[in-house]
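A quick write-up on the structure given underneath.
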Amino acid sequence: MAIFFTDHYFHIGQSHLKSGKPCQDYGASGVFLNTAYAAISDGCSSGGQTDIGARIITLATVSALKEYSTKPNSILVPEDLAFPVHGIKTEQHRILSSAQGLFSLTDRDLLATSLFASVGKHRSIIHIEGDGVVAIQKKDGTLHLFRFEWPLNMPFYPIYRGESLEQFVEAHGKELSSPCFIEERWILRPDNSSDGPLFFNHTLAEGISGITLSSLSNSDMFEDAAYFVLFTDGITHIEGADWKEAVAVFLKFKNVAGEFLKRRMIHGTKELERSGCRIIDDIAGAIIRVAKEKDEGGVECLSENA
């Protein structure tokens, strides 16, 4: 028996605050049909109305996750239980196309990344399209960190298709099989020991498809997890703070009641600023907390992966 708690928060960076621009990062989280979800998006600063685009992509992702949660497990093949990403993305794109037409948005308005996590009874997945940071914290406090970074600050965006996708491929050297973006991994332990960095070079084709972490293929990482956390890449652009330190600060929970991530990130931001660090870029975060015993405000769920 597992109980899920979720929360999310987004914070405007000083560069946008001073220039009069809106926050272009967004996050959402919740529980639907015994499955917890978290989703974030980072809008491109040089795009159009990407503050709107980031929200629409996040909400379209949430709607797609909810739609996929209604599918009976009996019709899912084993591979689909591990990687249901294709179905989720197909639904996400359908919703995006509808919203784009409804609000007369251009592709430039929808230049934004898409990261999501879904934790439930039969499967747990994390999927990354673009850049950002993923953190999985075990119940013993061990923290698994994953940073995804594209060269020249040109990440893949789900809105790329047709001619825009061809232009993206050309801008990254045209070769789909060539190494194109970097995944950096760390393991940080409560005794202050660590393993890392470990680097993986992913191909352009993998970047376009997105990177998926799954409870069935990455069981050691997911086993005994207490928190699944997503951050936009603004957490790696805090002046004066190492990105791993920033993640640790934002996960230093004193209590986990109510809006626990929002409260922690607000306090953590103030702590970093008092120490001389500057939050330059927008940051969004979303979290799923897994508990074993019934907690007030929790959503009870039978989960094999929690």
key: Matching residues in the range 178-188 - criterion: being modelled with pLDDT of 95 or more and not aliphatic (A, V, I, L, M)   = Glu183, Glu184, Arg185, Trp186
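Hey, among Ser215, Ser193, Ser219, which residue is open to solvent by less than 70 Å² (accessible area, probe 1.4 Å) and more than 29 Å from Ser29 (Cα to Cα)? Step through it out loud before you land on a result.
Working: Ser215 fails: more than 29 Å from Ser29 (Cα to Cα); Ser219 fails: more than 29 Å from Ser29 (Cα to Cα).
Within the list Ser215, Ser193, Ser219, the selection yields Ser193.
On the given criteria, is Glu149 among the charged types (D, E, K, R), within 17 Å of Thr236 (Cβ to Cβ), under 16 Å from the mean Cα position of the chain (by Cα) and open to solvent by less than 20 Å² (accessible area, probe 1.4 Å)?
On the way: among the charged types (D, E, K, R): yes; within 17 Å of Thr236 (Cβ to Cβ): yes; under 16 Å from the mean Cα position of the chain (by Cα): yes; open to solvent by less than 20 Å² (accessible area, probe 1.4 Å): no.
No, not satisfied.
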remark   = Condition set within 18 Å of Lys121 (Cβ to Cβ) and modelled with pLDDT under 95, scope the range 1-30, selection surrounded by the most Cβ atoms within 10 Å (Cβ to Cβ): answer is Phe4
task = Report, by residue number, each residue of the range 90-104 that is within 24 Å of Gly234 (Cβ to Cβ) and either of a type in the set (S, T, N, Q) or open to solvent by 20 Å² or more (accessible area, probe 1.4 Å) (or both).
result = Gln92
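For residues that are within 21 Å of Arg94 (Cα to Cα) and in contact (Cβ under 8 Å) with a residue 40 or more places away in the chain, tally how many sit in the range 8-47. Walk me through how you get there before you give the answer.
Going through the range 8-47, the residues within 21 Å of Arg94 (Cα to Cα) turn out to be 26-29, 32, 37-43.
From what's left, in contact (Cβ under 8 Å) with a residue 40 or more places away in the chain: 26-29, 37-43.
Looking only at that region, the number is 11.
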request  = Identify all residues within the range 196-212 that are hydrophobic (A, V, I, L, M, F, W, C) and either surrounded by fewer than 17 Cβ atoms within 10 Å (Cβ to Cβ) or part of a strand (DSSP E or B) (or both); write none if there are none.
outcome  = Leu198, Phe199, Phe200, Ala205, Ile211
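Quick check: anything in the range 50-61 open to solvent by 10 Å² or more (accessible area, probe 1.4 Å), hydroxyl-bearing (Ser, Thr, Tyr) and either modelled with pLDDT of 90 or more or more than 25 Å from Asp233 (Cβ to Cβ) (or both)?
As a first pass, look at the range 50-61 and keep what is open to solvent by 10 Å² or more (accessible area, probe 1.4 Å): 51-52, 55-56, 59.
This time we only want the ones that are hydroxyl-bearing (Ser, Thr, Tyr), so: none.
Within the range 50-61 (the criterion being open to solvent by 10 Å² or more (accessible area, probe 1.4 Å), hydroxyl-bearing (Ser, Thr, Tyr) and either modelled with pLDDT of 90 or more or more than 25 Å from Asp233 (Cβ to Cβ) (or both)), the answer is no, since none of the residues qualifies.
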message = Cβ contacts < 9 Å: first residue at positive phi, restricted to the range 184-205; second residue open to solvent by less than 60 Å² (accessible area, probe 1.4 Å) and of a type in the set (Lys, Arg), any location; separation 6+ or different chain. Result?
response = Gly196/Arg185; Gly196/Lys244
task = Working only within the range 215-273, note down all residues that are over 17 Å from the mean Cα position of the chain (by Cα), small (Gly, Ala, Ser) and in a loop (DSSP other than H, G, I, E, B).
result = Ser217, Gly240, Ala241, Ala257, Gly258
task = Taking Gly120 as the residue in question, decide whether it is open to solvent by less than 30 Å² (accessible area, probe 1.4 Å), farther than 20 Å from Val249 by Cβ and under 14 Å from the mean Cα position of the chain (by Cα).
result = no
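Scan the range 5-54 for residues that are among the polar types (S, T, N, Q) and in contact with a helix residue (DSSP H, G or I) (Cβ under 7 Å, 6 or more places away or on another chain) and report the count. Walk me through how you get there before you give the answer.
Here is the first cut: in the range 5-54, the residues among the polar types (S, T, N, Q) are 6, 14-15, 19, 24, 29, 34-35, 41, 45-46, 49-50.
Within this subset, residues satisfying the condition of being in contact with a helix residue (DSSP H, G or I) (Cβ under 7 Å, 6 or more places away or on another chain) are 24, 35, 41, 49-50.
Matching residues across the range 5-54 total 5.
The values are calculated or read from the model by the stated rules, or taken from the named source; none is laboratory data. Just so it is clear, the model here is predicted, and its values are computed rather than measured. Reconstructed Cβ throughout: ideal geometry from the backbone, glycine too, with neighbour counts over all protein chains shown. Calculation scope for accessible area: heavy atoms of the full protein, side chains included, ligands and nucleic acids excluded. Shrake-Rupley method; radii C 1.70, N 1.55, O 1.52, S 1.80 Å.
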